[in-house]
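Here is the structure we will look at.
The values are calculated or read from the model by the stated rules, or taken from the named source; none is laboratory data. Remember, it's a predicted structure, so these values are computed and weren't measured experimentally. Don't worry about glycine lacking a Cβ; one is built from the backbone with ideal geometry, like all the others, and counts go over all protein chains shown.
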Ligand code: SF4
Ligand code: SF4
């Protein structure tokens, strides 16, 4: 496994093959009048990052010093109710806007100065295995530590992110934190595969004659792509942080943030044929189900049963077994079984195809369903608790001597929609995701070979629907 880049840094700019495939930009966000100018501006990203840095500082401050009740602290309410809901909405409507405004990478410039050219990220880690492990580990830690119920732990979680990003940026030349480590980035990268905008080259002829390939190599004035994507070869949003460094670095103004058909890259064969990428997609799908399962009553019954069988009440261990089974063993076992069956069901020469190639062909079709499960879950929390921000902020300001909207916080504010609308909405979202995944599946391989995957996707969707019909904990709003 050599690298995770969908479009890698060219070893020699003059010999770089340029993919002819690109979506034709219908609408380019960078060409819109005000927004486009802001995005292309040298300090454009900073304009998004600074407000988020201020917000992060506020959350850390309130998390460490404010009331240690999750429902009355900005750290828990904003992080676990608003941040997650707004991230998936942004991913659905535009793309990876959180990574674009990510405050954790702000110390990057300082870290880069410290590192000079730095060293290269170890070759053995230039893949998605570590990202998969850290994604699962972070979801396990979230459950085990009840992060959603603890303002102080949520604050330290934010601080840990800044420290990790800074240290890795200082030690290594590229941006390994975003590409290989950050679980939030991994979530955003995979989700943005269904987003409606993508970085593309406006004119491939210009790229063919471009000697410097500054979009990836950088120039004296601008950084090249931190995650080492090469714009004219990009076929996917995977690994793109939407930092727009490529836009600022390209001397020919040849980079667009173009609108594309929503399922464009899932319909195409857009991903490297690698085990790690295929398993990343499957783990992401099952992790969505597992994360939602952690919030409904059957998880407690299962933990109690497991505890009696194993004779231990060790919560960390019980959660590791339950989540490990759902988020790791199931996607690996069922994914391999589906791939093996697919191969068996193909007549003729296809039977000799490597299992890796079969996995790589069918696993990406799960992406719309996977995103739908996460979307339904996170919007559930957002729709049931978005207005809580008002009394929590009121209370924070009152504690600091500022009266806003009266002297008594209105703690009855919470849901954006009547709660009995939300379950049907969630189920509708999962059904739409399933339909999109089946549609993507129908464009891959032969009909018999699609069948095992079809069954797998329907089972994932069914599990999600059952979970969403159960009473779910109001995380971030309890305690
Ligand atoms: S720097 Fe611009 S013109 Fe050159 S390869 Fe990159 S996108 Fe194309
Ligand atoms: S916006 Fe451009 S520079 Fe930034 S990650 Fe995406 S391709 Fe790379």
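At-a-glance table
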quantity: Failed criterion for residue 367 (all others in (1) in a helix (DSSP H, G or I); (2) at pLDDT below 95 hold); calculated: (2)
quantity: Tally of residues being within 29 Å of the chain's Cα centre (by Cα) and part of a loop (DSSP other than H, G, I, E, B) across segment 399-457; calculated: 8
quantity: Residue within segment 197-206 that is away from ligand 1 (no atom under 16 Å from the Cβ) and in contact (Cβ under 8 Å) with a residue 40 or more places away in the chain present; calculated: yes
quantity: Breaking point among (1) over 16 Å from residue 367 (Cα atoms); (2) away from ligand 2 (no atom under 13 Å from the Cβ); (3) surrounded by 23 or more Cβ atoms within 10 Å (Cβ to Cβ), for residue 230; calculated: (2)
quantity: Some residue of segment 286-293 being within 30 Å of residue 443 (Cβ to Cβ), touching a residue at least 40 places away in the same chain (Cβ under 8 Å) and near ligand 2 (Cβ under 10 Å from one of its atoms); calculated: no
quantity: Residue under evaluation residue 257, criteria (1) in a loop (DSSP other than H, G, I, E, B); (2) near ligand 2 (Cβ under 9 Å from one of its atoms), criterion not met; calculated: (1)
quantity: Matching entry among 216, 167 (being more than 15 Å from ligand 2 (Cβ to nearest atom) and at pLDDT below 95); calculated: 167
quantity: Of all residues making up segment 62-103, the number that are in contact (Cβ under 8 Å) with a residue 60 or more places away in the chain and outside any loop (DSSP other than H, G, I, E, B); calculated: 28
quantity: Residue 442 vs. criteria on the phi < 0 side of the Ramachandran plot and surrounded by fewer than 23 Cβ atoms within 10 Å (Cβ to Cβ); calculated: yes
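Table: residues versus (1) in the same structural domain as residue 327 (by TED's automatic domain parsing); (2) at pLDDT 95 or above.
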{"residue": "435", "(1), (2)": "yes, yes"}
{"residue": "443", "(1), (2)": "yes, no"}
{"residue": "446", "(1), (2)": "yes, no"}
{"residue": "455", "(1), (2)": "yes, yes"}
{"residue": "459", "(1), (2)": "yes, yes"}
{"residue": "464", "(1), (2)": "yes, yes"}
{"residue": "473", "(1), (2)": "no, no"}
{"residue": "478", "(1), (2)": "no, no"}
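Quick grid of which residues meet (1) assigned by TED's automatic domain parsing to the domain that holds residue 106; (2) more than 27 Å from residue 41 (Cβ to Cβ); (3) more than 10 Å from ligand 1 (Cβ to nearest atom):
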site: 150; (1), (2), (3): yes, yes, yes
site: 165; (1), (2), (3): yes, no, yes
site: 186; (1), (2), (3): yes, yes, yes
site: 195; (1), (2), (3): yes, no, yes
site: 210; (1), (2), (3): yes, no, no
site: 215; (1), (2), (3): yes, no, no
site: 223; (1), (2), (3): yes, no, yes
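Matching residues to (1) part of a loop (DSSP other than H, G, I, E, B); (2) under 17 Å from residue 453 (Cα atoms); (3) within 21 Å of the chain's Cα centre (by Cα):
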position	(1), (2), (3)
262	yes, no, yes
266	no, yes, yes
271	yes, no, yes
284	no, yes, yes
287	no, no, yes
296	yes, no, no
